Structure formats: C-alpha cells, structure tokens
C-alpha cells in the first residue's frame, strides 16, 4: 500500500490514460495476461458511453478502473456469456435507452488494495444508475478461488460456503459486501477463466428509486402529507350537521395541501342519540342506514377538496349481518372498502357485530396503503401481510374509552411501524356522548409513527396531537426513506424474516 496519500480523485477515463490502464490490467489479470482491453476497444467504450468509464487516481497515478455499458436487459438470456453481453467484445450491445447498467470490468491495482477504492467505484455506478433511472446493475462475477474446491464442491455449494464465511473468495466476498446479491450461476461465462472453471455468479443490485416510464400525466408523490382528525364526540341534530363538521375538517387539512384525511372509528356514533330508546343492537342498525349516504358525501368532498379521505369506520349491514367497515374515497372519484376483521368482545356481545373476511392493500397516488380498524392493529399478522404486499403507510382509525385501551392501540401501532418498515397514522375521538348507550367517555391522542433508524426520529414518533383535545394533526412522510431503510437500515426486518421456518398467509 502506498505510504502517503495526498490526493484521491475519481475521473472519467480518457484515451490519454490508456498506457497506464494497460499496465494495470496486465497486473490485475496475471492469470490471464493476454486478456487486457486493446486501445480500439477502450476508444469504443469511451465513444459509446463516456459516463460509464471511470478511473481512480491516487497522487496522479492510476489506481483502479470500472468499465460498463447500458443494455436492454430483457433481450438477454438468463444463461448469457460475456461474449453475448459484449457482442464478441465489440460493445455493439450498448443501448443508450437501455434499462440496466452492466459491469464490463472493475479492478484495483495490487499496491492500492485495502483502501476501499473498489467501494468508491461501485458507489459511482449506483449513483449513475439512479441518475439515469436504470432498473439496476448486473454483471458476471468471477469466483477465482473455485478451482481449489472444484473437485469436492459444486458452484452452488461453493457460493453458499462463501456467503457463510467458511470460504474466502476475494471477488465474491467483495461484491456481496457492496449490496450485490447472487441471482444465478452462469456456465461457460468467460472463456479461459480456468481459476473459476469458466463459471461466474450473476450479481445484481436493484435501484430502489427506479421509476418505470409512464404515459400518464400524474405521478406518485414521494413526500406525502397526512392530515389526522382528532374528532370531538358531540351531539348533532341530524346527518347534515354532522357532515358540516366533517367538511370543516376536510377543508382544514386540505388547506394545508394534505394528501390524506383520516377520520376515527365510529365518528358518526352521535347520530344514535335519536334512537337511544331502542336497544343497543337496534340503535346501531339504524345508524348503519346512514352509511351509504355518508360514503357518497365523503366521495364528493374528496373530489371537491382534492384529497383522499379515509372515512374511519361505520356500521354496515350486508346480507343481514352487521359489520364495522370504512371506505377510502379517493380524489379521482373512486372508492374502496375495508373491513374490521377482529371485533372486540363488546362489539360482539352488545351489538351482535361480525368480523369481516377481506384484507388487502390499496393503490393510491401517494403509494400503497393499508387500513386496520382499531383492534385489528393488535394482531401483527395482518400488517405483516400488508407489508409483504408493499404497503408504505398504515392507517389505524380507532375508538377507545380508557387510557389503557388507548395504550394497547398506540403501542401496537408503533410496533407495526418498526417491524414492517412503514409509516403508521392513528386517529381517534375524544369527548363523550351522555345520550348514547354503550358510548362512554373517549380517550385519544392521534399520532404518526415511523421506523426507528437514523433517517427517522430517534423515538419513532413523527408527530403527535395533544391528548383529549379536538384538533387536526399534519405530518409529512418521505416514502423514499422507507426504500433506503429496506436496503441499508441498521436492521432490516422485512428482508431478514425467516420465511424458511415460518410464514403468514391469507386463506
């Protein structure tokens, strides 16, 4: 290793660097001394794709190099060879409109190894892929130590032992440490690579920021603004007055350009006051008659105020059975329904309510979301299924009468954010309804939770309302931070789940 470093510089490769490059290549590939790039090939690479050819210089001397091209990757077979990728080393396969950056070569001179220069070259490639909106990076990685084990291990067994650190392979170990994952074994990949037995490992890196080109004008937002309504339970003379209050809150959060408005569970319970002379089960079935009208009005508000409204929950009759349901009223005019799957003992005993059967995520213009009504948040399997379907934000409308009941929802909601690497928003009601049976004093503190890692608040709380006070809560959440967390987090709960020993699935 060089003793004194005065300058390290990453530069684009030029023809003036060829003489030094040739010396470095001959040294780097001493087992294949004749297989260095000729001057005309370097000229071709620079001409076709100058951004893809970079070198590192230390104190003005060439220390390493990375060469690459862009491919329309779908045109290549899974079992491609190096000749296939380069079209017999002519690089005619390079496509300026390609979707994958393919690594042609990368090396560091012997005397400069140990300085993590290779990581700098790979970081540049990743930044280039992100900048040019490429799907990812791929290349065939040599396994130069395989010849030592070829008599007793298959390539697959060799790779597994390298991954478990039982065997050291200088190339494969390095690629894996730089976030490249082995996807398949390539046979007869590089002619003359006797040390690897002409095997290679197809290594890939996925660009989490890749955006597939779309012909639509609208694009999904990356920073999403949430508007949570901490609803005051009070008596209303009729449905029109209740919806005037609901519109007031939609207007308030929309004025802050919120993308979502979240209402609590059973926010419309005050309308049962007129039926307090009936039994509790009869009164809530009367309340269910308002649900279609409320959904229609919320859909109109979503369109008028250009906001996605999550209606909390309401009772609904379906095939003579009573359910606890809610609707997502999108600003494009469409509506989608969600159900409470686990009803509380009180809901079953007093109201005769049934648990629903459908669990799913919903696509919106602000990412993929899920909704779990109150008690459902206390069953981690549900949110895990939603997370595996790609959920970015989990909304939890709730209704709790005691602080310990609220604490169950709150603590479980925060756990869901951590274990599923998503944002979680909870909204509840406050106040009381003395003229409505089975509706006690309400306790709530609406909040937005995040995962706990460096890019997020240390305590996992993005925003919190004042407890037991009617108010709105506005918070911004960055969806790209979730993608970063999934790939580079201190811990990676989604990636590290042991699906080989347990799984959670829907019937």
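The values are calculated or read from the model by the stated rules, or taken from the named source; none is laboratory data. For clarity, every value in this text was computed on a predicted model and none was experimentally measured. We place every Cβ from the backbone using ideal geometry, glycine too, and count neighbours over all the protein chains shown.
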Review point. What residue, of 229, 208, 167, is surrounded by 18 or more Cβ atoms within 10 Å (Cβ to Cβ) and within 30 Å of residue 107 (Cβ to Cβ)?
Key: 167
Check your understanding: Do you know which residues across region 417-442 are surrounded by fewer than 20 Cβ atoms within 10 Å (Cβ to Cβ) and either over 30 Å from residue 493 (Cα atoms) or more than 37 Å from the chain's Cα centre (by Cα) (or both)?
Key -> 431, 432, 434, 435, 437, 438, 440, 441
**Study point:** Test: residue 335 is surrounded by 21 or more Cβ atoms within 10 Å (Cβ to Cβ) and farther than 24 Å from residue 504 by Cα
**Key:** no
Check your understanding: If you check every pair at least six apart or on different chains, which have Cβ atoms under 9 Å apart with a residue in region 143-171 that is touching a residue at least 60 places away in the same chain (Cβ under 8 Å) first and a residue that is in a helix (DSSP H, G or I) second?
Key -> 144/170; 144/171; 144/172; 144/195; 144/196
Review point. In region 166-189, is there at least one residue being assigned to a strand (DSSP E or B) and over 27 Å from the mean Cα position of the chain (by Cα)?
Key: yes
Check your understanding: Under the condition of being assigned to a strand (DSSP E or B) and in contact with a helix residue (DSSP H, G or I) (Cβ under 8 Å, 6 or more places away or on another chain), which residue from region 47-60 is surrounded by the most Cβ atoms within 10 Å (Cβ to Cβ)?
Key -> 56
Study note, to complete from the structure: Residues of region 216-226 being crowded, with 22+ Cβ neighbours inside 10 Å and over 17 Å from residue 397 (Cβ atoms), in sequence order, are 224
Check your understanding: Out of the residues in region 142-155 that are modelled with pLDDT of 90 or more and outside any loop (DSSP other than H, G, I, E, B), which is surrounded by the most Cβ atoms within 10 Å (Cβ to Cβ)?
Key -> 146
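Yes or no, residue by residue, for (1) in the same structural domain as residue 425 (by TED's automatic domain parsing); (2) touching a helix residue (DSSP H, G or I) at 6+ places or on another chain (Cβ under 9 Å); (3) modelled with pLDDT of 95 or more:
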position: 249; (1), (2), (3): yes, no, yes
position: 255; (1), (2), (3): yes, no, no
position: 269; (1), (2), (3): yes, yes, yes
position: 290; (1), (2), (3): yes, yes, yes
position: 298; (1), (2), (3): yes, yes, yes
position: 307; (1), (2), (3): yes, yes, yes
position: 313; (1), (2), (3): yes, yes, yes
position: 316; (1), (2), (3): yes, yes, yes
position: 354; (1), (2), (3): yes, yes, yes
Review point. Within the group 411, 346, which residue is within 23 Å of residue 449 (Cβ to Cβ) and assigned to a helix (DSSP H, G or I)?
Key: 411
Review point. From the list 184, 163, 131, which residue is more than 24 Å from residue 88 (Cα to Cα) and either outside the structural domain of residue 49 (by TED's automatic domain parsing) or out of contact with any helix residue (DSSP H, G or I) (no Cβ under 8 Å at 6 or more places or on another chain) (or both)?
Key: 131
**Study point:** Unique match (being in a helix (DSSP H, G or I), in contact with a strand residue (DSSP E or B) (Cβ under 8 Å, 6 or more places away or on another chain) and either surrounded by 14 or more Cβ atoms within 10 Å (Cβ to Cβ) or touching a residue at least 24 places away in the same chain (Cβ under 8 Å) (or both)) among 129, 63
**Key:** 129
Exercise for review: Search region 393-408 for residues being in a loop (DSSP other than H, G, I, E, B) and touching a helix residue (DSSP H, G or I) at 6+ places or on another chain (Cβ under 7 Å), and hand back the single one that is farthest from residue 362 (Cα to Cα).
Suggested key: 400
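Results for (1) closer than 19 Å to residue 350 by Cβ; (2) free of Cβ contacts under 8 Å to residues at least 60 places away in the same chain, shown as yes or no for each residue.
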position: 396; (1), (2): no, yes
position: 422; (1), (2): no, no
position: 437; (1), (2): yes, no
position: 441; (1), (2): yes, yes
Revision key, fill the gap. When every residue in region 1-21 that is in contact with a helix residue (DSSP H, G or I) (Cβ under 7 Å, 6 or more places away or on another chain) and farther than 22 Å from residue 49 by Cβ is compared, the one modelled with the highest pLDDT is 2
Review point. For region 446-483, which residues satisfy the criterion of being in a loop (DSSP other than H, G, I, E, B) and in contact with a strand residue (DSSP E or B) (Cβ under 6 Å, 6 or more places away or on another chain)?
Key: 446, 450, 460, 465, 468, 470
Practice item. Starting from region 485-507, keep only residues that are without any contact (Cβ under 8 Å) to a residue 40 or more places away in the chain, then list their pairs with residues that are in a loop (DSSP other than H, G, I, E, B) whose Cβ atoms are within a distance under 6 Å, requiring at least 6 positions of separation or different chains. Key: 490/453
Review point. Quick one: in region 73-82, which of the residues that are surrounded by 14 or more Cβ atoms within 10 Å (Cβ to Cβ) and either touching a residue at least 24 places away in the same chain (Cβ under 8 Å) or not assigned by TED's automatic domain parsing to the domain that holds residue 115 (or both) is farthest from residue 28 (Cα to Cα)?
Key: 73
